[in-house]
Amino acid sequence: MHRGSCLCGAVTYEIDGEIGAGYYCHCRRCRKASGSVMAANALIDPASLRITSGGEALRTYFAEATGLERRFCGLCGSPIVSHRPATGRTAIRLGSLDTAPPHGPGAHIFVASKASWEDLDERLPCHAEFPPL
Ligand SMILES: [Zn+2]
Ligand SMILES: [Zn+2]
């Protein structure tokens with residue numbers, strides 16, 4: 001069981017299951033959504049995620065172009081989870097966790113579009129876009 005929350009504490013959640021493969025995403029969209037150089041995400045089973053409080057504060061931004069739904073706290077702006085309706089692929093924002101995941105992200109993705117000012121740490125495998133399946 002893992003627990004997490006947003007910055008203001010309104011939104012809390014539990015993950016009743018494993019935290020899957022994690023990755024650091026350096027794409028332009030994740031930079032905008034996080035306000036930082038990259039996003040740290042990990043795949044989860046969408047059925048394992050339960051919003052335990054603040055569900056009414058959650059907002060959803062759906063980008064037609066990418067088919068990705070980003071859910072964040074409407075009060076403090078913290079990104080919480082992303083979901084791709086077409087595939088069911090769901091990723092939790094690791095920075096929102098209050099419990100320690102079993103391992104950190106294992107790769108960098110979308111490094112081809114990383115910020116010009118980023119000094120990329122290449123100790124983990126780096127993929128230009130999505131890694132091969
Ligand atoms: Zn919040
Ligand atoms: Zn990204």
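Annotations
- Unmet requirement for residue 44, which otherwise passes all of (1) closer than 17 Å to residue 84 by Cα; (2) without any contact (Cβ under 8 Å) to a residue 40 or more places away in the chain; (3) more than 16 Å from ligand 2 (Cβ to nearest atom): (2)
- Wholly enclosed strands (runs of 3 or more DSSP E) of segment 1-45 bearing at least 2 residues of a type in the set (Gly, Ala, Ser): 2-5, 39-44
- Qualifying residue in segment 56-63 (condition: of a type outside the set (Asp, Glu) and either in contact (Cβ under 8 Å) with a residue 60 or more places away in the chain or surrounded by 15 or more Cβ atoms within 10 Å (Cβ to Cβ) (or both)): yes
- Positions within segment 60-77 being touching a strand residue (DSSP E or B) at 6+ places or on another chain (Cβ under 6 Å), away from ligand 2 (no atom under 16 Å from the Cβ) and of a type outside the set (Val, Ile, Thr), in sequence order: 74
- Residue 23 vs. criteria within 14 Å of ligand 2 (Cβ to nearest atom), crowded, with 19+ Cβ neighbours inside 10 Å and either more than 22 Å from residue 129 (Cα to Cα) or aromatic (Phe, Trp, Tyr) (or both): yes
- Long-range neighbours under 6 Å by Cβ, at least six apart or interchain, first residue among the charged types (D, E, K, R) within segment 119-131, second surrounded by 11 or more Cβ atoms within 10 Å (Cβ to Cβ) and part of a loop (DSSP other than H, G, I, E, B): 129/110
- Residue that is nearest to ligand 2 (Cβ to nearest atom) [pool: residues in segment 26-41 that are farther than 14 Å from residue 131 by Cβ and surrounded by 16 or more Cβ atoms within 10 Å (Cβ to Cβ)]: 30
- Residues of segment 73-107 that are part of a strand (DSSP E or B), surrounded by 15 or more Cβ atoms within 10 Å (Cβ to Cβ) and either in contact (Cβ under 8 Å) with a residue 40 or more places away in the chain or β-branched (Val, Ile, Thr) (or both): 73, 79, 80, 81, 82, 90, 91, 92, 93, 97.
- Remark: pairs (first residue in segment 1-21, touching a residue at least 24 places away in the same chain (Cβ under 8 Å) and more than 10 Å from ligand 1 (Cβ to nearest atom); second residue in a strand (DSSP E or B) and basic (Lys, Arg); Cβ separation under 9 Å; 6+ apart in sequence or on different chains) = 4/93; 13/3; 13/50; 14/3; 14/50; 15/3; 15/50; 16/50.
Taken together, the values in this text are just the output of simple stated rules run on the coordinates, not laboratory data. The model shown is predicted, which means the values in this text are computed figures rather than measured ones. No Cβ is skipped: glycine too gets one built from the backbone with ideal geometry, and neighbour counts run over all protein chains shown.
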